[in-house]
Amino acid sequence: MIYKYPQFPHVQVLGVLATNVKNIDTIKQAVISLDQRYDYCFINAANVVSVEQINCAIFKTLTNYYFNEKKPLRTNSVHAETILNLSPNANITDSLNRFGISKGSANLIILKVYGLGGPQQRQQENESLLPDDAAKDLQGVIQRDLQNIKDVVEAEVAELDNDEQLVGISDLKLIKKNYKLGDMMVEDREVLSRLLVSVLQLSDL
Amino acid sequence: MSVANIEKAESLLGDIKLKKISQGAEAIIFLANEHPYSNERNCPTIVKYRPRKLYRYPVLDLQIVKQRTASESRIIFKLFQSSVIEFNKLEKKKNSEKIDRSLVNYVINNGGVNCPKLIGLDVYNGFIFMDYINDTLVNGESSSLKNHLWLLEKTFADSLSEKLTVHNCQSIVASREIEREVVALNSKIKDLLVLTGIQLGNMHMFDVIHGDLTSSNIILKKYDSENNNDELQPLYIPYLIDFGLSSQSSLTEDKAVDLYVLEKALESTHPLFSKDYSKWVLEGYELAYEMKGKRENAAKPYRVKHREIYKRLEAVRLRGRKRSMIG
């Protein structure tokens with residue numbers, strides 16, 4: 001599934017759900033050693049209740065990237081930044097461990113961000129990056145990456161396009177703990193998603 | 001100035017198309033045709049934009065915009081969060097018996113507050129994205145409480161004047177009396193205002209002060225219930241909006257002033273019936289405290305709290321909004 005954001009028309013994000021991942025340790029090692037074939041954002045799917053929650057974290061990343069002039073990124077890549085923005089916590093290592101690939105996570109959400117450009121180039125890019133050629137090119141790249149994901153991740157890979165896919169995968173107890181929900185915890189997924197979106201948007205302000 | 005700001009907002013929002021709905025001193029409200037990040041297309045969203053003020057020193061200006069945008073969003077979140085917590089308490093008490101979680105019940109049964117959903121935040125440019133909770137009234141106006149009441153008042157006045165010409169009634173005083181009687185009977189208005197009052201009570205119990213309560217800052221949303229099939233008189237549920245001047249405070253004074261501001265606003269927008277309207281809102285307000293007391297099995301402390309605020313409100317009525325004469 002390709003996610004698009006009308007505010008940033010040149011940006012496209014590939015979103016994939018990998019279930020029953022078998023080579024989680026290999027992936028973790030490869031990500032840490034910055035292997036090019038593993039240049040994706042790997043998210044522990046147990047922490048996620050809805051596609052909205054994922055998109056909200058990406059939206060926050062993009063907003064910071066383009067408009068926060070002082071500090072567009074707190075980590076060294078947009079992918080790590082998205083994981084950090086999925087966490088209510090400002091501690092980078094801790095957030096990556098909890099919300100990225102963590103021990104015993106059998107299901108991953110894999111994202112890749114395309115068409116970012118530099119923070120200050122947004123205006124020009126709107127006009128230059130979008131012509132059909134570039135768009136076709138991008139389609140090819142995305143297809144290649146999708147294939148690559150299927151190659152490097154030993155799992156059942158499906159495009160993530162609705163919340164139903166996450167039922168049974170998200171771990172509500174873990175969410176309650178990681179987001180420190182306490183009394184606020186609700187089991188209704190729609191309400192929970194709304195709650196998490198607000199928590200994410202307001203963290204570290 | 002205003003045109004430049006709108007253009008600026010449009011350029012910052014890329015492909016999102018904006019339609020200006022209203023403008024205040026500090027912010028412009030737009031209706032956007034797209035949700036900023038949802039997969040669903042064509043999902044209208046409210047965008048509140050605080051433009052930069054050119055007369056302020058830029059660094060300070062950035063800080064002010066950031067801080068105000070953040071604080072408004074925090075209030076919206078706090079109301080939602082507190083509502084959820086209240087609801088959880090209730091559910092626990094009922095021994096995990098599942099209760100209908102529809103938003104209406106958040107208000108009526110459990111002491112919550114209806115407010116817009118916070119979708120996104122861009123503190124660097126001063127954008128808040130919220131969900132669009134508007135409906136249109138029968139006459140095509142947007143469904144704020146003000147428009148709704150005006151419509152009902154007008155319909156009522158029209159039918160009354162029709163009757164008066166028929167009956168050739170001469171006494172103006174008598175007609176005023178009739179007018180008042182009939183409106184008082186109009187339970188639709190009463191229910192709505194009591195429901196608003198309940199929400200205000202709940203909001204104050206969360207220690208949130210709205211700061212700018214007027215009938216146009218209360219939006220009505222149609223509630224589709226199975227029992228209500230009356231197309232012309234749909235059931236409306238009030239939502240509180242515009243937390244730009246809101247703050248968090250537990251002081252009796254602030255709460256009383258909040259209610260006083262609403263009273264004054266009702267007086268100037270609905271001069272004929274403001275007394276009844278205020279009375280109903282305060283009825284709901286009291287009910288909120290009563291229900292909270294019942295839920296917590298501590299009727300007395302909440303009754304005392306309510307009485308304190310009510311007494312203070314009477315004092316505020318005599319002296320006006322400002323306690324100190326400075327500033």
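The values are calculated or read from the model by the stated rules, or taken from the named source; none is laboratory data. Predicted, not measured: the structure shown is a model, and the values here were computed from it. Backbone-built Cβ (ideal geometry, glycine too); neighbour counts: all protein chains shown.
Say we look at the stretch A:152-197 and pick out the residues that are among the β-branched types (Val, Ile, Thr) and part of a helix (DSSP H, G or I); which of these is surrounded by the fewest Cβ atoms within 10 Å (Cβ to Cβ)? The selected residue is A:152. Kindly check whether there is at least one residue in the stretch A:155-165 that is over 30 Å from residue A:23 (Cβ atoms) and more than 10 Å from every other protein chain (Cβ to nearest Cβ). Scanning the stretch A:155-165 turns up no residue that is over 30 Å from residue A:23 (Cβ atoms) and more than 10 Å from every other protein chain (Cβ to nearest Cβ). Screening the stretch A:19-94 for helices (runs of 4 or more DSSP H) wholly inside it with 2 or more residues that are within 14 Å of chain B (Cβ to nearest Cβ), modelled with pLDDT under 90 and under 22 Å from residue A:6 (Cβ atoms) returns no ranges. For residue B:39, state whether it is within 10 Å of chain A (Cβ to nearest Cβ), surrounded by fewer than 19 Cβ atoms within 10 Å (Cβ to Cβ), without any contact (Cβ under 8 Å) to a residue 12 or more places away in the chain and out of contact with any strand residue (DSSP E or B) (no Cβ under 6 Å at 6 or more places or on another chain). Against the criterion (within 10 Å of chain A (Cβ to nearest Cβ), surrounded by fewer than 19 Cβ atoms within 10 Å (Cβ to Cβ), without any contact (Cβ under 8 Å) to a residue 12 or more places away in the chain and out of contact with any strand residue (DSSP E or B) (no Cβ under 6 Å at 6 or more places or on another chain)), residue B:39 qualifies. Looking across the stretch A:166-189, the residues that are β-branched (Val, Ile, Thr) and away from every other protein chain (no Cβ under 12 Å) come down to A:167, A:169, A:175.
Of all the residues in the stretch A:190-201, those that are under 14 Å from residue A:166 (Cβ atoms) and either within 19 Å of the chain's Cα centre (by Cα) or at the interface with chain B (Cβ under 8 Å from one of its Cβ atoms) (or both) number 3. Among the numbered conditions (1) loosely packed, with under 15 Cβ neighbours inside 10 Å; (2) within 14 Å of chain B (Cβ to nearest Cβ); (3) touching a residue at least 60 places away in the same chain (Cβ under 8 Å), tell me where residue A:8 comes up short. Of everything listed in (1) loosely packed, with under 15 Cβ neighbours inside 10 Å; (2) within 14 Å of chain B (Cβ to nearest Cβ); (3) touching a residue at least 60 places away in the same chain (Cβ under 8 Å), residue A:8 misses just condition (1). For beta carbons closer than 7 Å, sequence separation of 6+ or different chains, a first residue in the stretch B:296-322 that is surrounded by 13 or more Cβ atoms within 10 Å (Cβ to Cβ) and a second that is among the β-branched types (Val, Ile, Thr) and in a helix (DSSP H, G or I), the qualifying pairs are B:308/B:252; B:309/B:252; B:312/B:252; B:316/B:257. For the criterion of being assigned to a strand (DSSP E or B) and surrounded by 15 or more Cβ atoms within 10 Å (Cβ to Cβ), residue B:46 passes.
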